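> Encoded as structure tokens, here's the structure I'll be asking about.
The values are calculated or read from the model by the stated rules, or taken from the named source; none is laboratory data. Not measured: the values here are computed from a predicted model. For accessibility, only protein heavy atoms count, side chains too; no ligands or nucleic acids. Shrake-Rupley method; radii C 1.70, N 1.55, O 1.52, S 1.80 Å.
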Amino acid sequence: MEEFSSLQAAKEALRSRMRDGYSWRQEFRFVFRDPEKLLTPAVSEESYIDLYSVPDADLSCIERRILFGPRGGVLIERG
């Protein structure tokens, strides 16, 4: 699980991981371990980030989902 400072930061992370993740290391601020910079070549238009209100939330209780829209923008959906 990773931490984002805002919804905008999560949107930017998803966009950057798809656009630049195959060649530039992306920052992951993990909750339960040290931060890392990793390549993300598998992020595609079908990828998404699920957000939870607390780190130990039930994984079925998604607060928001960050995903790509049909025209390439990044959307925020309620869980």
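> Given the options SER23, SER47, SER60, which has the most mean-square fluctuation in a GNM of the chain, springs set between C-alpha atoms less than 10 angstrom apart?
Its mean-square fluctuation being the largest, the pick is SER60.
> At 1.4 Å probe size, what's the solvent-accessible area of MET1? Round to the nearest 10 Å².
Counting only protein heavy atoms, MET1 exposes about 90 Å² to solvent.
> Per residue, how much accessible area does segment 7-78 have with a 1.4 Å probe, in Å²? Could you put the intermediate results ahead of the total?
Numbers: 5170 Å² over 72 residues.
It amounts to 72 Å² per residue over segment 7-78.
> Of all the accessible heavy-atom surface of the chain, with the other protein chains kept in place and a 1.4 Å probe, what percent is carbon and sulfur? Present the calculation step by step, with values, prior to reporting the outcome.
Details: 2840 of 5670 Å².
In the chain, the share of accessible area belonging to carbon and sulfur is 50 percent.
> At a probe size of 1.4 Å, how large is the accessible area of LYS11, to the nearest 10 Å²?
Here the accessible area works out near 40 Å².
> With θ set to phi - 60°, apply the Karplus curve 6.51 cos²θ - 1.76 cosθ + 1.60 along segment 25-30 and write out the HN-Hα couplings as whole Hz, x wherever there is a Gly or Pro.
5, 9, 7, 10, 9, 6
> Taking a ≥ b ≥ c as the square roots of the eigenvalues of the Cα gyration tensor of the chain, is the shape rounded (a/c under 1.5), prolate (a/b larger than b/c) or oblate? The partial results should precede the final answer.
Details: a/c = 2.06, a/b = 1.11, b/c = 1.86.
Oblate.
> Which whole-number percent gives the relative contact order of the chain, counting Cα pairs below 8 Å spaced six or more residues apart? Intermediate results must be reported in sequence, preceding the final value.
On the way: 123 pairs, mean separation 19.5, N = 79.
25 percent.
> What accessible surface, in Å², does a 1.4 Å probe find on TYR22, ignoring ligands, DNA and RNA and rounding to the nearest 10?
Per-residue accessible area (TYR22): approximately 150 Å².
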